[in-house]
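Have a look at the structure below before the remarks.
The values are calculated or read from the model by the stated rules, or taken from the named source; none is laboratory data. Because the structure is a prediction, the values reported are computed rather than measured. Here the Cβ positions follow ideal geometry from the backbone for every residue, glycine too, while neighbour counts run over all protein chains shown.
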Amino acid sequence: MKLFMRQVSLLTARVRQHQHDAVPYDSVILCTELLVAALLGGRPALPFDGNRWLLTATAEGLNLLATLWTGPWEQRTPILICGIALRSREAPGLWNRLHDSTLPLQTNPGQPPRTPWIADRLEPAAMAHPHTLPWMEDFSRALAWAWFELTRHSREQHAPRGD
């Protein structure tokens, strides 16, 4: 069975579907390390471009809310907010939080996509760093699959069981 996620841009309403095996394994491993550090309260730097991109993340059930910042931390500005929802009953709350913005979002806050999904919200500061735009979508995909792998045990424990 092929595993896939929907990836939604909140600014454009573009939806793409991608499969787990389309994301390079080493990217998922790197994002797993960054994500674990962020979930433990750290602000890990992405290991390229002079370590200027910092990650923070919070988990709520099987939802993840991650923010990519331009640093240094004392002068940080968010450039990407990424929500990842793996279970349908928790998804609407995250979808609504992502829509709590003054940006002109093109998606409907009352209609989240079917799970599993990734929702990307580029922040205005991203436009000051146009060289980041090509890799941010790939980064959020790798982060989503890292989250998927980190939560595998929890999802399996709560999955309906057949008799």
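Just checking, which of Ala13, Ala66 is touching a strand residue (DSSP E or B) at 6+ places or on another chain (Cβ under 6 Å), among the small types (Gly, Ala, Ser) and in contact (Cβ under 8 Å) with a residue 40 or more places away in the chain? The unique qualifying residue is Ala66. Residues being acidic (Asp, Glu) and either at pLDDT 90 or above or not in a helix (DSSP H, G or I) (or both) are entirely absent from the range 150-161. Before we move on, is Gln7 exposed (fewer than 13 other Cβ atoms within 10 Å of the Cβ) and either within 18 Å of Phe139 (Cβ to Cβ) or not hydrophobic (A, V, I, L, M, F, W, C) (or both)? No, not satisfied.
Please go through the range 89-136 and give me each residue that is small (Gly, Ala, Ser) and either in a helix (DSSP H, G or I) or surrounded by 13 or more Cβ atoms within 10 Å (Cβ to Cβ) (or both), ordered by number.
Our first condition is that a residue be small (Gly, Ala, Ser); within the range 89-136, this holds for 91, 93, 101, 110, 119, 125-126, 128.
Correct list: Ala91, Gly93, Ser101, Ala119, Ala125, Ala126, Ala128.
Taking the criterion of being in a loop (DSSP other than H, G, I, E, B), within 19 Å of Ala119 (Cα to Cα) and modelled with pLDDT under 95, the only residue of the range 13-52 that qualifies is Val23. Filtering Arg14, Arg6 for residues that are touching a Lys or Arg at 6+ places or on another chain (Cβ under 9 Å) and basic (Lys, Arg) leaves a single hit, Arg6. Output yes when any residue across the range 77-89 is touching a strand residue (DSSP E or B) at 6+ places or on another chain (Cβ under 7 Å), of a type in the set (A, V, I, L, M) and under 16 Å from Thr151 (Cβ atoms), and no when none is. Yes - at least one qualifying residue is present in the range 77-89.
Determine, yes or no, whether Arg114 is more than 21 Å from Arg14 (Cα to Cα) and basic (Lys, Arg).
Details: more than 21 Å from Arg14 (Cα to Cα): no; basic (Lys, Arg): yes.
No: the conditions fail for Arg114.
Exactly one residue out of Leu86, Leu64 is closer than 17 Å to Ala37 by Cα and surrounded by 15 or more Cβ atoms within 10 Å (Cβ to Cβ), and it is Leu64. One residue stands out in the range 47-56 among those that are surrounded by fewer than 18 Cβ atoms within 10 Å (Cβ to Cβ) and not aromatic (Phe, Trp, Tyr): the one that is farthest from Pro130 (Cα to Cα), namely Pro47.
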